[in-house]
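Report on the structure given below.
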Amino acid sequence: MKDAPLEGSIAETPFPRLLFDIWTRERSGRLRLRRNDEERFLFFEKGRLLVTRESFAESAFLGALVRKKVLLPEQARQSERLAALKNISLVKALGELGLLSPIPLWSLLESFFSRQLFALFDWEEGEFEFDPAETLTPSAKLGVMEVHGLILQGIRQMHNDRILDRFLPGPDDPIRVSAPYFLHLLDLESYERYALNILGEAADLQTFQAGNELGLRESRKVLFAFVCLGILGPAAREGKPRPGPEAPLTEHARLLAAFDEKCAFVYKYVSKEAGPIAQTILSKSLDEVKPVLGSIFQKTALLADGRIEVDPALRLGANHLPDEFVRRLVRGYDEILMAEVLAVKKTLGPAHESVLVRNLEKVGCV
């Protein structure tokens, strides 16, 4: 289904939270940000930020290269003359003159682009509009950046404490800490992981501040990052329970539940036929297939009931997994099931393999 247009106020949805929403919803289109007379345009493709010609300040980039002594002033002027003469971009002129090879040039380009966005993290007012109809040709896309890394980098350098005051829970408000499905993707610094561990044991932010070794200002920025990333949020106060129906499982969650059932069935079958060595047989098959699976499967473990735990965070976010992520999970689970069936064939023989496969077809909903 095509994304609907999105608009709102930065006073209500701060820039890093807006990035988070675009990323987790895998939106594609153009984001327009406006504050007084200032206006910025950013483009996204399936939730990832595009480095584009329209949103990239080439002249400022050239000036930054001179200030960092990557280029001499005369080399910068030479690039500008060539760009004007041939009606090409400054980036292309740098390459044609042989002043920078592609690898360092693109690295510098993406680093400069992300730094140019940091000022947006301190905006406390303004409007935004997201238009999914606005798309780009491939030639206009200079690069692609992962949004979750940008969110962390931008919040680490924030200066506007008023935004933190506005969006953080109160010091004695009860809090909840969750482990979203993408937690393993976040490149948290050591002190941020330290804060997350302590936060999980704290009833409120006052308890958290009293029990950690971080300074007040830096710890508040960490907390704000966790708020924007959906890790930290307010908890309902006790005494006002509002029980309601449990949220229905999405198709994604049903797929994962079906694989759980299949893996548990394999374990029961092997346990019945091979006894106590079932755990060893299936653990070995998992270890053998793990190297050929993607990065999300490197924490995979065989649970006591035979289910496969890819990452503990996934079970908390099963109802909110992006489509591409689920497709990767399904492919990985298929590989694991095939490895387990092959282990049964090697250990118990082809006849048991045939029986197991026939029964697996009746298990789950995959």
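List the DSSP H helices in the chain whose Cα atoms stretch 24 Å or more along the helix axis and whose mean Kyte-Doolittle hydropathy is at least -0.5.
251-274, 323-348
Give the calculated FRET efficiency between Q298 and A257 to the nearest 0.05, with a Förster radius of 30 Å applied to their Cβ-Cβ distance.
0.85
Could you tell me the distance between the Cα centroids of the range 62-79 and the range 330-349, to the nearest Å?
Using only Cα atoms, the two centres lie 58 Å from each other.
Could you work out the relative contact order of the range 1-125, using alpha carbon pairs under 8 angstrom and six or more residues apart, expressed as a whole percent?
24
Go through the range 122-130 residue by residue and turn each phi into a ³J(HN,Hα) via Karplus (6.51, -1.76, 1.60, θ = phi - 60°); whole Hz please, and just put x for glycine and proline.
For the range 122-130, the Karplus-derived couplings read 8, 5, 10, 8, x, 10, 9, 9, 10 Hz, x marking Gly and Pro.
Note down the net charge around L100, summing +1 for each Lys or Arg and -1 for each Asp or Glu among other residues with Cβ under 14 Å from its Cβ.
Every neighbour counted, the sum reads 0.
Relative to the compact-globule scaling 2.2 N^0.38 Å, provide the ratio for the alpha-carbon radius of gyration of the range 6-154.
Taking the Cα Rg and dividing by 2.2 N^0.38 Å, one obtains 1.11.
Hey, can you rank 222-230, 112-120 by average C-beta count inside 10 Å, highest first?
222-230, 112-120
Once you list every other residue whose beta carbon is under 11 Å from the beta carbon of G8, what net charge do they have if Lys and Arg are +1 and Asp and Glu are -1?
-4
In percent, what relative contact order does the chain have, based on Cα pairs under 8 Å that are 6 or more apart in sequence?
Reported relative contact order: 17 percent.
Once the other residues with Cβ under 14 Å from the Cβ of D187 are scored (Lys, Arg +1; Asp, Glu -1), what is the net sum?
Net of charged neighbours comes to -1.
D for the chain, whole µm²/s, Stokes-Einstein with Kirkwood Rh over alpha-carbon pairs at 37 °C and 0.692 mPa s: what number?
Answer, rounded: 136 µm²/s.
A short reminder: the numbers here are calculations on the coordinates, not readings from a lab. Everything numeric in this text was worked out from a predicted model, so none of it was measured. FYI the Cβ positions are ideal-geometry reconstructions off the backbone, even for glycines, and counts take in every protein chain you see.
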